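Novice: I am attaching a structure below and will ask some questions about it afterwards.
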Amino acid sequence: MQVPLLDLKREYAELKSEIDQAALDVLAETRFINGPQVAELESKLAEYCGARHAIGVASGTDALLLALRAAGVGPGTEVITTPFSFFATAGTVANLGATPVFVDIEPDSFNIDAAQIEARITERTRVIMPVHLFGQAADLDPIMQLGRKHGITVIEDAAQAISAEYKQRKVGPLADIGCFSFYPTKNMGCAGDGGLIVTNSDQYAETLRALKSHGAQVKYYHDVVGFNSRLDTIHAAILLTKLPHLDRWSAARRKNAEYYNERFAGASLTRPTQMQYAYHIFNQYSILVEKRDELQTHLKNNNIGTEIYYPLPLHLQVCFKELGYKEGDLPVAEKSAKQILSLPIYPQLSEAEREYVADTVLEFSNN
């Protein structure tokens, strides 16, 4: 049996007629930029997330970049964030001329350890940016308390977490600004790059809408120098066909994770922990294994797809060497990077495939 890490063809087949028609409608209308589907998607996602405003942008990376810029991040400022995330989390900070300040993660959630944040706050700290990694919310309440105490903006990097919840509230608008990605591998992906920013702040929303369109609130009149970061109409149309299925897909991921958790109980590996405050939507199902590389090879030899998210923490990346971090500085993130392995978890995974993955993992674990 062959089980890929992710099979987007199955998702497409499930909604093929709807997706095809949505794309054809855009092609026929020829409103490729700022077509009506963009505004419709923004409205529906704002309602879905419980946000006052939703702003479509060109990618999840751009969502972070524009959010940071709107919060005043630039040269001479610092952003506190996690070292265990996709590169865009810190790359966007650096691209604005600011300095990422890394805080270690919790050993059970893979998310930033809120208890370690305050010690890293300085007069230059402009933003705290927790990441809801793998689809599980970071512990936001203590982070928001720190933000309010020190006058620091909090931005949620929710790129992997659309439909996830923190204390029964959808992530995204719980902080000052929230950022989502619609990269094809996400729980709700478009046919390329796409992203969304949500906020309950009228002021931030006004700034973000200008920033995504070259800094212009009125066409050809530019108050600031912004970016060209618009969500294409065709992507918005495709996402509109998927939105009604998002909760069902998230529930299917959770069901698959529950099955793995039951099968792996007592095995020589660490299962992902669902925190009490979180509704985890498992963009990834990630285990920790001491002999990670050997397990990955074993699964590959049995035609099972896996991925390592992420093999080298951000604070040890060559491009950040001038920041002065060294191995051992953030031990939990470093240990996780050496042991983590993600297994197939997508909603269209069949029961037989799920069983085969579990059997093959346990075959290795029990030897």
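The values are calculated or read from the model by the stated rules, or taken from the named source; none is laboratory data. Predicted, not measured: the structure shown is a model, and the values here were computed from it. Please note: Cβ atoms are built from the backbone with ideal geometry, for glycine as well, and neighbour counts cover all protein chains shown. What goes into the accessible areas is simple: the full protein's heavy atoms, side chains included, and nothing from ligands, DNA or RNA. Shrake-Rupley method; radii C 1.70, N 1.55, O 1.52, S 1.80 Å.
Novice: Restricting to the chain, what percent of DSSP beta bridges are antiparallel, rounded to 5? Please report the intermediate quantities before stating the final value.
Specialist: Values: 23 of 38 bridges.
The antiparallel proportion sits near 60 percent.
Novice: Keeping the other protein chains in place, figure out the carbon and sulfur percent of the accessible area of segment 89-201, with a 1.4 Å probe. Don't skip to the end; give the middle numbers.
Specialist: Working: 1450 of 3450 Å².
C and S atoms contribute 42 percent here.
Novice: Same structure, new question: Take the Cα atoms of segment 1-73, find their three principal axes, and give me the spread along each one in whole Å, biggest first.
Specialist: Between the extreme Cα coordinates on each principal axis of segment 1-73 lie 50, 37, 23 Å.
Novice: Ok, one more. Tell me the Rg and the Dmax, in Å, that the Cα atoms of segment 229-285 produce.
Specialist: 15.9, 49
Novice: So for each of 171-177, 70-76, 107-113, 230-236 I average, over its residues, the number of other beta carbons within 10 Å; can you give me the resulting order with the highest mean first?
Specialist: Values: 171-177: 26.6, 70-76: 16.3, 107-113: 21.0, 230-236: 24.4.
Put in order of decreasing packing, that is 171-177, 230-236, 107-113, 70-76.
Novice: Please work out the average accessible area per residue across the chain, using the 1.4 Å probe convention, and give it in Å².
Specialist: Numbers: 15800 Å² over 367 residues.
Result: 43 Å² of accessible area for each residue.
Novice: On to the next question. Please identify the longest segment of the chain free of exposed GluC sites (Glu not before Pro), where exposed means a DSSP state other than H, G, I, E or B and no more than 12 other Cβ atoms within 10 Å. Don't jump to the answer; show the numbers that get you there.
Specialist: On the way: sites that count: E123, E290, E327.
Longest site-free region, per DSSP loop and neighbour criteria: 124-289.
Novice: If you take every residue apart from G35 with its C-beta less than 14 Å away from the C-beta of G35, what net charge results, scoring Lys and Arg +1 and Asp and Glu -1? If you can, show how the numbers build up before the last one.
Specialist: Working: positive: R31, R230; negative: D25, E29, E40, E42, D232.
Around G35, the charge tally is -3.
Novice: Over segment 1-69, what percent of the accessible surface lies on carbon and sulfur atoms, probe 1.4 Å? Intermediate values should be presented prior to the final figure.
Specialist: On the way: 1870 of 3510 Å².
Roughly 53 percent of what the probe reaches on segment 1-69 is carbon or sulfur.
Novice: May I pose another question? What part of the accessible area of segment 246-294, given as a whole %, is carbon or sulfur when the probe is 1.4 angstrom?
Specialist: Details: 1030 of 2390 Å².
Within segment 246-294, the accessible surface is 43 percent carbon and sulfur.
Novice: Roughly how many nanometres apart are two label points built 7 Å out from the Cα toward the Cβ at K300 and Y221?
Specialist: Here the answer is 5.9 nm between the modelled labels.
Novice: Take Q2 and F32, extend 7 Å from each Cα along the Cα→Cβ direction, and tell me the distance between the two endpoints in nm.
Specialist: In this crude spin-label approximation the distance works out to 3.4 nm.
Novice: Can you give me the Cα centroid spacing of segment 203-251 and segment 268-332 in angstrom?
Specialist: Centre-to-centre (Cα) distance: 31 Å.
Novice: Dividing the alpha-carbon Rg of segment 311-362 by 2.2 N^0.38 Å yields what?
Specialist: Numbers: Rg = 17.0 Å, N = 52, 2.2 N^0.38 = 9.9 Å.
It is 1.72.
Novice: Rg over Rh of segment 75-231, using C-alpha atoms and the Kirkwood radius, what does it come to? Walk me through the intermediate numbers first.
Specialist: On the way: Rg = 15.6 Å, Rh = 16.2 Å.
Radius of gyration over Kirkwood radius for segment 75-231 works out to 0.96.
Novice: Can you compute log10 of I(q)/I(0) for segment 42-128 with the Debye formula, treating each Cα as one identical point scatterer, at q = 0.11, 0.18, 0.26 Å⁻¹?
Specialist: Results for segment 42-128 at q = 0.11, 0.18, 0.26 Å⁻¹ read -0.36, -0.87, -1.18.
Novice: Please compute the Cα-Cα pair-distance distribution of the chain with 10 Å bins starting at 0, giving whole percents from short to long.
Specialist: Each 10 Å bin holds this share of Cα pairs: 5, 24, 32, 25, 11, 2, 0.
Novice: On alpha-carbon atoms, Rg over Rh for segment 191-288 using Kirkwood Rh?
Specialist: Numbers: Rg = 20.2 Å, Rh = 17.3 Å.
When Rh is taken as the Kirkwood radius, the ratio is 1.17.
Novice: Using 0.36 nm per residue, how much length does the chain from A39 to E327 gain when fully extended, once their Cα-Cα distance is taken away? Walk me through the intermediate numbers first.
Specialist: Details: separation 288, 0.36 × 288 = 103.68 nm, distance 4.65 nm.
Taking A39 through E327 to full extension adds about 99.0 nm, to one decimal.
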